[in-house]
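The structure under discussion appears below in the form of structure tokens.
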Amino acid sequence: MITYLLDTIQYLASGALVSLKIFFVTLVCSLPIGIVLSMTYRLHPILQRVIAFYTWLFRGTPLMLQLFFFMYGLPAFGIPVDRMMVAYIAFIINYSAYFTEVIRAGIESLPKDQQESAAVMGANTMRIYRSIIMPQAIRIQIPVITNEVITLIKDTALVTVIALSDLMRNVKEIVSRDFTISPFFLAAIFYLLMSFLIIQAFRRIEKKYDFMN
């Protein structure tokens, strides 16, 4: 029994590693992209329309559909991709759209006179955003960003649809093979633990912002 449990945990851990890779790569790439796009949103009307269309498209369609599109659509255009790369592309593009809108909402909530006052004092647009606008916008939106990041770790389960051996796919294999529900509990512990760690990390970030203010 102990040997079986250890083997099960080891197999699930290999799937959890895939889930964590997708999670961290997506977070490291999509959050900076979201920050940059939210900063450039108001620079030019054409940019604003392009970014608005991008966020509308990828927030308005299911992530599962996007995974299918990149898995089977890109090869149709002669672009070879492997399954892990498909997961990275779909998740980064999808979550960049969400983070763009979240941070943009934070920027829009700030008083306009801050930017005008800084411009009168001679600060350029990049410095205004870096030193004044973005720290406040991110601080305001930390609870929303936290929710998006928690959703991200749970959404990694969607990669089962493109046959990636993530945590949930490995869970399904064991349940189907051995007719046991114990892997469900182990998977739940993994997701709950990751959610707990994410919440604690963002609480520390929020306290740091409070201290700086």
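Checked against the criterion of being more than 21 Å from Gln141 (Cα to Cα), out of contact with any Asp or Glu (no Cβ under 8 Å at 6 or more places or on another chain), without any contact (Cβ under 8 Å) to a residue 40 or more places away in the chain and of a type in the set (A, V, I, L, M), the range 51-74 has at least one qualifying residue. If you go through the range 7-19 and pick out every residue that is without any contact (Cβ under 8 Å) to a residue 12 or more places away in the chain and either buried (at least 17 other Cβ atoms within 10 Å of the Cβ) or under 14 Å from Thr156 (Cα atoms) (or both), you end up with 1. Within the range 167-213, the set of residues being within 30 Å of Tyr72 (Cα to Cα) and either at pLDDT below 90 or of a type in the set (S, T, N, Q) (or both) comprises Asn170, Ser176, Arg177.
Listed by position, the helices (runs of 4 or more DSSP H) inside the range 80-154 whose residues that are surrounded by 14 or more Cβ atoms within 10 Å (Cβ to Cβ) number at least 3 are 83-108. In the condition set (1) out of contact with any Pro (no Cβ under 9 Å at 6 or more places or on another chain); (2) among the β-branched types (Val, Ile, Thr); (3) surrounded by 14 or more Cβ atoms within 10 Å (Cβ to Cβ), Ile189 is compliant with all but (3). Given the criteria among the charged types (D, E, K, R), farther than 20 Å from Tyr88 by Cα, within 21 Å of the chain's Cα centre (by Cα) and in a helix (DSSP H, G or I), does Arg169 qualify? Considered against the rule, which asks whether it is among the charged types (D, E, K, R), farther than 20 Å from Tyr88 by Cα, within 21 Å of the chain's Cα centre (by Cα) and in a helix (DSSP H, G or I), Arg169 comes out as no.
The values are calculated or read from the model by the stated rules, or taken from the named source; none is laboratory data. The structure displayed is predicted, hence computed values, not measured ones. We place every Cβ from the backbone using ideal geometry, glycine too, and count neighbours over all the protein chains shown.
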